[in-house]
Amino acid sequence: MADRSCRLPVLSTKTLLVMKPAAAVHPPQNLAGEALSLLAWHMPDLVAYHHHSDEWWFAPLDDNLPLIRLNRTGLDMLKAMNGHTTVGMLVEQYGTKICGPDGQPGSWHLERWATPNYSLCYFGTDPPGGHRHNAKWDILLQQIREGWSGQKGFEGEEHLEDFHHHELAQSKEDDSHFDLIETTVSHLFREPSEALSGLTYGRLLMRQLRRLGWFSPKPKVLLEIGGGLGYLAQELGKDLLPFEKQGITYLSLDITQPFLTLQVTRAKVGGWQVSGTRANAESLPFADHSIDLVIDNENMADMTPAQLSRKELTSGVGETAQHQEALDWIRRLRLPIEADPPESVIFNLGPIRFVAHRRVTCGLV
């Protein structure tokens, strides 16, 4: 496990992107009465940063929510929120113990973490969706933080592009958007790290590509999808000698123009012959067999979802053309559907569209 930025076994990084309205202030919860019998779950999508030997920072991927600093005791309390432990048990075990470097006891955290102001955990009698192993965490996160789940705009690329433009416009520095909102492993390791033997994420990836044989023979056209701020292209190039990059065209593709501009700039710093294409990766604008290697790094979670109803799943008839496309893919891929499916299901249509374009490539990483 890395001693700096890391993804803990009980938590995962990355995945819901929404434009957040101004947050209302919610008072701390009263941990008494029926509240003590509720079960506690930690959110599965949290950024974890191991700052010191006994200090961790946590936050959902949300620009308006504060970072929570925890010590080992606080970390244990967060990990104990596994759907099997009641709030009362947590209060009894951790309520009076100091759970963070700021000196707050466990009860202080428990009163606040499940409110929309923090969104680190969920207290309830049942997990989201009603099925422990099929919990609809993405829907829960939307309901708690934004309350717009299922509204118009949920299923289109325009929302993601508008979100990026908005956040970049509000940021004083380019990096702050990815530092606070869309934090990814590659961004956290854009600088050399002891956890990666003194390498950056991009340099380590290039060495893995070599080891796997993706550069023997070397590709003539390399395409990166949704490259964020361009650090991956920059660092990939730095791990190659100039003659190794000769004859390779590096293509950057993104739906957001400000990102694309940064990607091209940093790819040039990495020594690539580069060009940028503003397009949607779900419909690649390239001729068949024109790309030798595609790199899609921590990006598929941002592609188009389709929220299918129980009626659509059982009938196989979609209410929109997009929903029908999703149902057709479910049928074509022979994905199993429960006899009694939940009221709604989020189907990751975008990644299916993207992978279906593999015919234009010889390799996909």
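The values are calculated or read from the model by the stated rules, or taken from the named source; none is laboratory data. What you see is a predicted model, and the numbers here were worked out from it, not measured in a lab. No Cβ is skipped: glycine too gets one built from the backbone with ideal geometry, and neighbour counts run over all protein chains shown.
General remarks:
- Scanning the stretch 217-243 for residues that are assigned to a helix (DSSP H, G or I) and closer than 16 Å to G202 by Cα yields Y231, L232, A233, Q234, E235, L236, G237, K238.
- Given (1) modelled with pLDDT of 95 or more; (2) of a type in the set (A, V, I, L, M); (3) within 22 Å of T184 (Cβ to Cβ), index of the condition M89 fails: (3)
- Among residues of the stretch 31-50 that are closer than 14 Å to K79 by Cα, those with a Cβ under 7 angstrom from a residue that is of a type in the set (K, R), sequence gap 6+ or separate chain, pair up as D45/K14; A48/R7.
- Scanning the stretch 250-290 for residues that are of a type in the set (V, I, T) and more than 21 Å from L229 (Cβ to Cβ) yields a total of 0.
- Test: residue in the stretch 302-319 that is more than 29 Å from V47 (Cβ to Cβ), touching a strand residue (DSSP E or B) at 6+ places or on another chain (Cβ under 9 Å) and surrounded by fewer than 15 Cβ atoms within 10 Å (Cβ to Cβ): yes
- Residues in the stretch 84-109 that are outside any helix (DSSP H, G or I) and either exposed (fewer than 15 other Cβ atoms within 10 Å of the Cβ) or of a type in the set (S, T, N, Q) (or both): H84, T85, T86, T96, K97, D102, G103, Q104.
- Where a residue in the stretch 267-288 is surrounded by fewer than 21 Cβ atoms within 10 Å (Cβ to Cβ) and its partner, wherever it lies, is in a loop (DSSP other than H, G, I, E, B) and of a type in the set (V, I, T), with Cβ under 6 Å and at least six apart: N280/I255
- Boolean, A32 is under 25 Å from the mean Cα position of the chain (by Cα) and among the small types (G, A, S): no
- Taken over the stretch 205-220, the residue count meeting the criterion of being touching a residue at least 12 places away in the same chain (Cβ under 8 Å) and either surrounded by fewer than 18 Cβ atoms within 10 Å (Cβ to Cβ) or over 23 Å from Q273 (Cα atoms) (or both) is 4.
- For the stretch 289-317, the candidate set comprises residues that are in contact (Cβ under 8 Å) with a residue 60 or more places away in the chain and hydroxyl-bearing (S, T, Y); within that set, the residue that is farthest from T184 (Cα to Cα) is S290.
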